[in-house]
Amino acid sequence: MTPALLIILGVIVLSAAVGLAAGRRVPMNLENWTVGGRKFGVLAIWLLMAGEVYTTFTFLGASGWAYSKGAPTYYILIYGTLAYTLSFFILPGIWKIGKRENLHTQPDFFAHLFQSRRLGILVAVIGIVSLLPYLQLQLAGLGMIVEVASEGAVSSTAAILLAFLLTSAFVLASGLQGSAWVSVIKDVLMLAAVAIVGFGVPRVHFGSIGRMFQALIEKAPDHLIFPGSAPSMGVPWVMSTVLLTGMGFYMWPQLFGSAFSAKSDRIIRRNAIIMPLYQIPIVLVFFVGFTAFLILPGLSNGDLSLLSLVAKTYPSWFVGFVGAAGAVTAMVPASVLVLTAAALLAKNIYRAWFRPRASDAEVMRVSRWMVLVVSAVALVFALLLPNALVNLLLIGYDGVAQLFPGVVLGLFWKRVSRTGVEAGLLTGLATAAFLVFGKHDPFCGLNAGFVALAVNAAVTVAVSLAKRPDCGPAH
């Protein structure tokens, strides 16, 4: 049992224990389980949303893109800040409707706003299909982090099984409360690890961050300017991707639903103001990826650049600390993803489609069973078919982003109709699927998902203007 392994296992078990303890004194009814009783303040909302947003992508994807693609990675800094700005104007309205109508999920919002059970079911299906590959990605990232950080002492399979079983346990026991409590551990560890590594690695190998960039400019100047090392990702791709991901950011059902957990709309606005602070750690992760590009050329998998460079630079125990931070960084979003998928299945598929008269208590019981179902499906894909959901993952963001016109027009334009939203949504999804699966992404230099979103918005507006309102937005 090496120090690194002890640290990783200790943090995983501690996080699960904290998550289990979170719900001990809270009655686990549907309200508390799905939206935390709508009583989260600024700090709790900030930590919860950051816990959902900053996933294994922070450790693997951002550094991997900086290593392998270069300049196109900058879009990550831009779209988050754009999303937080949009949330200042959009999420308070969503919260008000959710509070007034006792809504718990994103499909609840669509079904109420447009007085359409059918639309709510469609949104639920889109959410579930998008969440499953995202959850599988968290599991795969968790396994990779722990296996590399423990120097093979813990296999990827064992890490996934242990962490996810514990995560599912505290979701069953504590719901969103458990995720919020574990977010505190996750954020402290992640921020500490990223700060130490982001500032430290360039200093160890080059003397300073400035000298690291100087060496990078001398060795590969094109790596830092568009399109970097990815010829298809020029300025049009970056700008269209920023718009797509910025508008689609809070359309993910778990992030959308988190807005319902706030105490007030003022809390939501305050959160929008301070969330951009979390972009700073992303910059530090970029530094690690750029340093790895110089120190460890030729890695077969750029996503391992951060862990590989940390292992080369620091002692074993610190690698364990980074691995532990990465593991809990996967556990928090995984817990919210499982919780959200279970709630969508129970409330917006089971009750809306099969049992319209089911009570909240029955929906709560079904939700807990759905946690086990979702967990089992995710584990099967993660362990037995790790690449089976790649195509679905490609369209995941493109898919949830198609909900943006319905949300924004439903909040701010009384003329929008249910038929217009449904037509736009289906057209946007079909366009995205055709372009992505037909290998037409980028399309004319633009992100295919953005092209689909533009088509969606145009169809929604055109159909709404051409047709008389059919139970349009019920504000």
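Since every read-out is calculated from the coordinates, none of them should be taken as a lab result. Note that the structure is predicted; figures quoted are calculated from it, not measured. We place every Cβ from the backbone using ideal geometry, glycine too, and count neighbours over all the protein chains shown.
Some notes on this structure:
- The phi-based Karplus calculation (6.51 cos²θ - 1.76 cosθ + 1.60; θ = phi - 60°) puts the 3J(HN,Hα) values of region 34-40 at 8, 10, x, x, 6, 10, 6 Hz, whole numbers, x for Gly and Pro.
- Going from the residue with the fewest nearby Cβ atoms within 10 Å to the one with the most, Val204, Val53 rank Val204, Val53.
- Formal net charge of residues neighbouring Thr431 (Cβ-Cβ distance under 14 Å; K, R +1; D, E -1): -2
- Filtered trypsin sites (Lys or Arg not before Pro), region 15-68: DSSP coil and at most 10 other beta carbons within 10 Å: Arg24, Arg25
- Hz values of 3J(HN,Hα) by residue in region 136-141 - Karplus curve (6.51, -1.76, 1.60), Gly and Pro given as x: 4, 5, 4, 5, 4, x
- Counting only alpha carbon atoms, the long axis of helix 156-174 and the longest principal axis of the chain meet at about 40°.
- For the chain, the longest principal axis of the Cα atoms and the long axis of helix 176-206 meet at an angle of about 30 degrees.
- Distance between region 6-26 and region 271-324 - C-alpha centres, whole angstrom: 25
- Cross-link partners for Lys39 among the aspartates and glutamates, with Cα-Cα distance under 14 Å and sequence neighbours closer than 8 places in the same chain left out: Glu31, Asp265.
- In the chain, taking the dipole from charged Cβ atoms about the Cα centre, the farthest positive-side position among Thr34, Pro333, Phe412 is held by Phe412.
- Among the trypsin sites (Lys or Arg not before Pro) within region 169-231, not one is in coil by DSSP while having at most 10 neighbouring Cβ atoms inside 10 Å.
- Length-normalised contact order of the chain in % [C-alpha pairs under 8 Å, at least 6 apart]: 31
- Net charge, Ser232 excluded, C-beta distance under 14 Å - Lys, Arg +1, Asp, Glu -1: +1
- Pairwise centroid distance, computed over Cα atoms, of region 62-132 with region 443-460, Å: 17
- Charge tally in the Cβ shell below 13 Å around Val201, where Lys, Arg are +1 and Asp, Glu are -1, Val201 excluded: +3
- The HN-Hα couplings worked out from phi for region 431-447 by the Karplus form 6.51 cos²θ - 1.76 cosθ + 1.60 (θ = phi - 60°) are 5, 4, 4, 4, 6, 6, 6, x, 6, 10, 10, x, 10, 6, x, 9, 4 Hz, whole numbers, x standing for Gly and Pro.
- Between Ser229 and Gly70, Ala71, the built amide H atoms are under 5 Å apart, and every one of these is 5 or more places off in sequence or on another chain.
- Applying the criteria of a DSSP loop state and at most 12 other Cβ atoms within 10 Å to the trypsin sites (Lys or Arg not before Pro) of region 314-384 yields Arg357.
- Cβ-derived FRET efficiency at R0 45 Å, Thr157 paired with Ala458, nearest 0.05: 0.45
- Where a label projected 7 Å from the Cα of Ser359 along Cα→Cβ would reach, residues of region 329-347 with amide N under 18 Å: 347
- Where only DSSP H runs of four or more residues are counted, the chain gives -24000 deg cm²/dmol as its mean residue ellipticity at 222 nm, each run worth -39500 (n - 2.57).
- For region 402-475, averaging the sequence separation of C-alpha pairs within contact (under 8 Å, six or more residues apart) and dividing by the residue count gives a relative contact order of 50 percent.
- Backbone amide hydrogens, once placed in the peptide plane, bring Phe443 within less than 5 Å of Ala448, excluding anything fewer than 5 places away on its chain.
- Tilt relative to the chain, helix 316-343 - C-alpha long axis, 0 to 90 degrees, to 10: 10
- Rel. contact order, % - alpha carbon contacts under 8 angstrom, at least six apart, region 129-211: 15
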